[in-house]
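Enquirer: The structure is given below, and queries will be raised subsequently.
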Amino acid sequence: MPPAPTSTTSRAATRRCPVCDHEAWPTAYGMITPSMRESMPKSEFAGCVIDMAVRDNPATGREEIGTPKWACQNPECRHRWW
């Protein structure tokens with residue numbers, strides 16, 4: 001079995017939430033092995049089911065449909081976006 005990939009800039013990166021400016025983490029989908037989880041400490045693991053989400057784009061005010069790629073880590077906000 002090949003070794004788990006090391007953390008890269010994109011995997012380790014965080015962003016600021018466009019709604020509350022709190023730290024946001026990338027969302028990882030699929031069956032993630034424990035070694036992969038360790039290499040991605042600041043990621044939100046969503047499991048194997050990928051649901052489409054509807055959101056209001058805070059920049060445009062328009063409704064959009066997509067798969068969230070980022071999740072705000074503020075428990076009072078929890079904004080998700082792609």
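The values are calculated or read from the model by the stated rules, or taken from the named source; none is laboratory data. Computed from a predicted structure; not experimentally measured. Cβ: placed from backbone, ideal geometry, glycine included. Neighbour counts: every protein chain shown. The area values use the complete protein model at the heavy-atom level, side chains included, leaving out ligands, DNA and RNA. Shrake-Rupley method; radii C 1.70, N 1.55, O 1.52, S 1.80 Å.
Enquirer: Being more than 30 Å from MET36 (Cα to Cα) and without any contact (Cβ under 8 Å) to a residue 40 or more places away in the chain is the filter here, so list the residues in the stretch 47-64 that pass it.
Expert: Within the stretch 47-64, the subset more than 30 Å from MET36 (Cα to Cα) is 56-64.
ASP56, ASN57, THR60, GLY61, ARG62, GLU63, GLU64, listed by residue number.
Enquirer: Another one. From the residues in the stretch 40-57 that are modelled with pLDDT under 90 and either open to solvent by 70 Å² or more (accessible area, probe 1.4 Å) or of a type in the set (Ser, Thr, Tyr) (or both), which one is nearest to VAL19 (Cα to Cα)?
Expert: ASP56
Enquirer: Would you pick out the residues in the stretch 1-35 that are open to solvent by less than 40 Å² (accessible area, probe 1.4 Å), aliphatic (A, V, I, L, M) and at pLDDT 90 or above?
Expert: Selection gives ALA24, ALA28.
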